[in-house]
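What follows is a set of notes on a single structure, which appears directly below.
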Number of protein chains: 2
Amino acid sequence: MPASQQRKTPTIRDVAREAGVSVATISRFLNNPAILQAETARRVEAVMEELEYIPKLAARNLSSRNTRTLGLITEYLDGEFFLPLLTGMESAAFEHNYSLLISSTRHWKESRQRMLPLGPHNCDGLLVFPGSLPAEYLERWQRQEFPMILIQHMLAELPALPRITIENRQSSRDATLHLVQVHGCRRILYLAGPEGHHDARQRLAGYQDGLAAAGLPADSQLILSGQFNEESAFAVCRQAIQQGLQFDAILAGDDDSALGALESLRAAGLEAVPLIGFDGILLGQRSRPPLATVLAPTEEVGELAVQHLVGILEGKQVPLESQLPCTPHFFGSCGCPLP
Amino acid sequence: MPASQQRKTPTIRDVAREAGVSVATISRFLNNPAILQAETARRVEAVMEELEYIPKLAARNLSSRNTRTLGLITEYLDGEFFLPLLTGMESAAFEHNYSLLISSTRHWKESRQRMLPLGPHNCDGLLVFPGSLPAEYLERWQRQEFPMILIQHMLAELPALPRITIENRQSSRDATLHLVQVHGCRRILYLAGPEGHHDARQRLAGYQDGLAAAGLPADSQLILSGQFNEESAFAVCRQAIQQGLQFDAILAGDDDSALGALESLRAAGLEAVPLIGFDGILLGQRSRPPLATVLAPTEEVGELAVQHLVGILEGKQVPLESQLPCTPHFFGSCGCPLP
DNA sequence: ATGAAAGCGCTAACAG
DNA sequence: CTGTTAGCGCTTTCAT
């Protein structure tokens, strides 16, 4: 028999008996001490202290029909993206007095279990990375009105659920205009991300918005596929340079590809060409010159996701799509002097 | 009333009724389908499928007096250390059919005592970073025989609990000997970490072991404080160089300080001086030359921690201290050619 | 192999 | 303000 089942901790009954009150009083103290008579509350508190009483969550959950737990469901637990997101979520969850349960789906591809690690059976709501699990679950849970928030990142066919995104398009447009207006660029090479990627698509659109706003032609030859990946970006840029493609700046869909581009520019002796990335990864700030980029508010995404989820749990209405603003950081590789 | 309390999902009773059996049978199916008559099992399974039945965890927990949940309690959710650790823990937890609850203590300095986010009330065991919470809790929980595993990292006065560490000392000794035997170094500068840091202390001891094993004198002037921090390390190295301190290699307690050292060597035109770090951080592999280092098995630490915790929960005996081996990666900045 | 029934520890009416 | 008393949904004897 597992050790965990041996231990015996005091229950609400023990406290009630010791304090000479009923269990209801103890329960009330737990949930709203203010409604008790001051003297009673004092006594109860003292007994709890003495007995080192801590209410069992399972019992509260069962009785109150909620778990005060939020689930985070994602495929991978890595990347520069995940950690700040988690930090934001954890902060907000704590603030609202919720716990955070984490599960990666990279394992349970095939564990056709009835008990998924995360779901309505063990949390009050879910923070979901689209693509991390079959849409079938999302649909079922949506049908059951189980509260969920999507962290928009990948693109996927999804039910209409509240989602958090960042202002990819607007920011990418701003970056484009910065290159045009501040640095006088007119032929901006764009390093696009993967086709199926939500952010990638929005950012590309923003680049095109920017060109249009500047009255510049949209030359499709200037749009290359960087795959959000340093190596691909390097290769594709090098080839473009060798083939004599004319351009006077590079805008990358993300910092990884921007780093690849930077490398290729350096190799070709073109370090003067303005370059801007997107995301604000750590490596970017350590490159020489530091990467000009757009800072994504990842931690805020995590916070807002939790705030909205909690909002739903409290019966509030939340917007179907929330976009968080990014912060331009156009210094270094774009040509602007560092502050 | 919260939306979460409105939903109504089928209970074990609904399934029992539909399947024409008793709730006990359903419970048995849940816990050990094999003991049912094949035909009964089939019917139960079908009904569950049809009703989309999923057992409520709170009820199971309350009844079975365990949660199948593990808690991870740490002060900060950041650093290159945390993510691989989390990955390892999540994998192992999933494998053993446990959930992982995460909580950072950076918030609850002052929050109400009762109902800590993590503890015996909501998990079966805890993975603890020493220093993340007052020893008082550890002691109480130990008294109550609540299963815990320590991730040894910081140094602290702690109860005798099973802990996971890495072979800091042995690896640091190996690195020292590599510098001596392969590169013929005789005056190795050591960049020590913070005083109170467990790993730092062990690694320093390993360096000293190495010197002793090589029959080299232990010159205390060669031990500098790098504080596991790039800037400090850079500053301290630069000063040493300017003051004319004689050394023919640098061994750093961690990669961050090694990177600082590398910078100072470069600044002084001393790039030929062999340099080895410790940890295997990402940045190290991107520096030029790539940092020679000792790869810490962080993900494995996470896995083993969970395995041991689960072991305790299953009534097994686990060692009080487990040391995981590191992997030498002596290429690049030590002078050995890259493979 | 299956059913009946007694909890697990707490919350939430309903009384008083 | 406080006590009484049903449950919450499952597990687990104890019978059959």
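So A:THR67 ticks every box in (1) more than 14 Å from DNA strand D (Cβ to nearest atom); (2) in a loop (DSSP other than H, G, I, E, B); (3) crowded, with 21+ Cβ neighbours inside 10 Å but one. Which box is left unticked?
Failed condition: (1).
Given the conditions (1) surrounded by fewer than 16 Cβ atoms within 10 Å (Cβ to Cβ); (2) within 22 Å of B:ASN122 (Cα to Cα); (3) touching a Lys or Arg at 6+ places or on another chain (Cβ under 9 Å); (4) not aromatic (Phe, Trp, Tyr), and given that A:LEU51 satisfies all but one, which numbered condition is not satisfied?
(3)
Can you tell which of A:GLN239, A:GLN208 is closer than 24 Å to A:ARG163 by Cβ and surrounded by fewer than 21 Cβ atoms within 10 Å (Cβ to Cβ)? Break it down stepwise before answering.
On the way: A:GLN239 fails: closer than 24 Å to A:ARG163 by Cβ.
Exactly one residue qualifies, and that residue is A:GLN208.
Please verify whether A:LEU83 is facing chain B (nearest Cβ under 9 Å) and not in a helix (DSSP H, G or I), treating the condition exactly as stated. So that I can check it myself, show each step before the final result.
Details: facing chain B (nearest Cβ under 9 Å): yes; not in a helix (DSSP H, G or I): no.
Here the answer is no, as A:LEU83 does not meet what is asked.
How many of the residues making up region A:7-22 are over 42 Å from the mean Cα position of the chain (by Cα) and either near DNA strand D (Cβ under 8 Å from one of its atoms) or surrounded by 13 or more Cβ atoms within 10 Å (Cβ to Cβ) (or both)?
Let us first name the residues in region A:7-22 that are over 42 Å from the mean Cα position of the chain (by Cα), namely A:13-22.
Then keep just the ones that are either near DNA strand D (Cβ under 8 Å from one of its atoms) or surrounded by 13 or more Cβ atoms within 10 Å (Cβ to Cβ) (or both); that gives A:14-22.
Count: 9.
Just to be sure, is B:LEU51 facing another protein chain (nearest Cβ under 10 Å) and at pLDDT below 95?
The answer is no for B:LEU51.
So which of A:ASP279, A:ASP256 ends up being crowded, with 21+ Cβ neighbours inside 10 Å and within 13 Å of chain B (Cβ to nearest Cβ)? Show your work before the answer.
Details: A:ASP279 fails: within 13 Å of chain B (Cβ to nearest Cβ).
Going through A:ASP279, A:ASP256 in turn, the sole match is A:ASP256.
May I ask you to say which residue of B:GLU75, B:GLU39 is more than 8 Å from every other protein chain (Cβ to nearest Cβ), modelled with pLDDT under 95 and within 9 Å of DNA strand C (Cβ to nearest atom)? Before you say what the answer is, go through the steps one by one.
On the way: B:GLU75 fails: within 9 Å of DNA strand C (Cβ to nearest atom).
Going through B:GLU75, B:GLU39 in turn, just one is more than 8 Å from every other protein chain (Cβ to nearest Cβ), modelled with pLDDT under 95 and within 9 Å of DNA strand C (Cβ to nearest atom): B:GLU39.
Are any of the residues in region A:130-148 in contact with a strand residue (DSSP E or B) (Cβ under 8 Å, 6 or more places away or on another chain), of a type in the set (Gly, Ala, Ser) and touching a residue at least 60 places away in the same chain (Cβ under 8 Å)? Talk me through it step by step, then tell me what you get.
First pass over region A:130-148, keeping only residues in contact with a strand residue (DSSP E or B) (Cβ under 8 Å, 6 or more places away or on another chain): A:130-133, A:138, A:141-142, A:146-148.
Subset that is of a type in the set (Gly, Ala, Ser): A:131-132.
Subset that is touching a residue at least 60 places away in the same chain (Cβ under 8 Å): none.
No: zero hits.
Just name the residue that is farthest from the other protein chains (Cβ to nearest Cβ) out of those in region A:298-339 that are under 29 Å from A:ARG68 (Cβ atoms) and in a strand (DSSP E or B).
A:GLN323
For (1) over 30 Å from B:ASP78 (Cα atoms); (2) in contact with a strand residue (DSSP E or B) (Cβ under 8 Å, 6 or more places away or on another chain), each residue gets a yes or a no:
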position: A:ARG28; (1), (2): yes, no
position: A:GLN37; (1), (2): yes, no
position: A:ARG42; (1), (2): yes, no
position: A:TYR53; (1), (2): yes, no
position: A:GLU75; (1), (2): no, yes
position: A:GLU80; (1), (2): no, yes
position: A:LEU83; (1), (2): no, no
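Going by the structure shown, is A:PHE94 farther than 27 Å from B:ASN66 by Cα, within 11 Å of chain B (Cβ to nearest Cβ) and at pLDDT below 95?
no
Restricting to region B:58-70, what's the tally of residues that are more than 9 Å from DNA strand C (Cβ to nearest atom) and in contact with a strand residue (DSSP E or B) (Cβ under 9 Å, 6 or more places away or on another chain)?
The total comes to 4.
Yes or no, residue by residue, for (1) of a type outside the set (Phe, Trp, Tyr); (2) within 21 Å of B:LEU138 (Cβ to Cβ):
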| position | (1), (2) |
| --- | --- |
| B:GLU50 | yes, no |
| B:SER64 | yes, no |
| B:THR67 | yes, yes |
| B:TYR76 | no, yes |
| B:PHE82 | no, yes |
| B:MET89 | yes, yes |
| B:HIS96 | yes, no |
| B:SER99 | yes, no |
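Looking at B:GLU136, B:GLU145, can you tell me which residue is in contact with a Lys or Arg (Cβ under 9 Å, 6 or more places away or on another chain), within 14 Å of chain A (Cβ to nearest Cβ) and surrounded by fewer than 22 Cβ atoms within 10 Å (Cβ to Cβ)?
B:GLU145
Residues are listed down the side, and each one gets a yes or a no for (1) over 27 Å from A:LEU100 (Cβ atoms); (2) touching a His at 6+ places or on another chain (Cβ under 9 Å); (3) not in a loop (DSSP other than H, G, I, E, B):
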| site | (1), (2), (3) |
| --- | --- |
| B:GLY131 | no, yes, no |
| B:TRP141 | no, no, yes |
| B:ILE164 | no, yes, yes |
| B:ARG173 | yes, no, yes |
| B:ARG186 | yes, no, no |
| B:LEU189 | yes, no, yes |
| B:LEU211 | yes, no, yes |
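Matching residues to (1) in contact with a helix residue (DSSP H, G or I) (Cβ under 8 Å, 6 or more places away or on another chain); (2) within 14 Å of chain A (Cβ to nearest Cβ):
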| position | (1), (2) |
| --- | --- |
| B:LEU150 | no, no |
| B:LEU158 | yes, no |
| B:THR176 | yes, no |
| B:ARG203 | yes, no |
| B:ALA213 | yes, no |
| B:ILE223 | yes, no |
| B:GLN227 | yes, no |
| B:GLU230 | yes, yes |
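Kindly list the number of the only condition in (1) over 30 Å from B:PHE278 (Cα atoms); (2) in a helix (DSSP H, G or I); (3) more than 7 Å from chain A (Cβ to nearest Cβ) that fails for B:ASN61.
Every condition holds for B:ASN61 apart from (3).
The values are calculated or read from the model by the stated rules, or taken from the named source; none is laboratory data. What you are looking at is a predicted structure, and each value in this text was computed from that prediction instead of being measured. Positions of Cβ are backbone-derived with ideal geometry, glycine not excepted, and every protein chain shown enters the neighbour counts.
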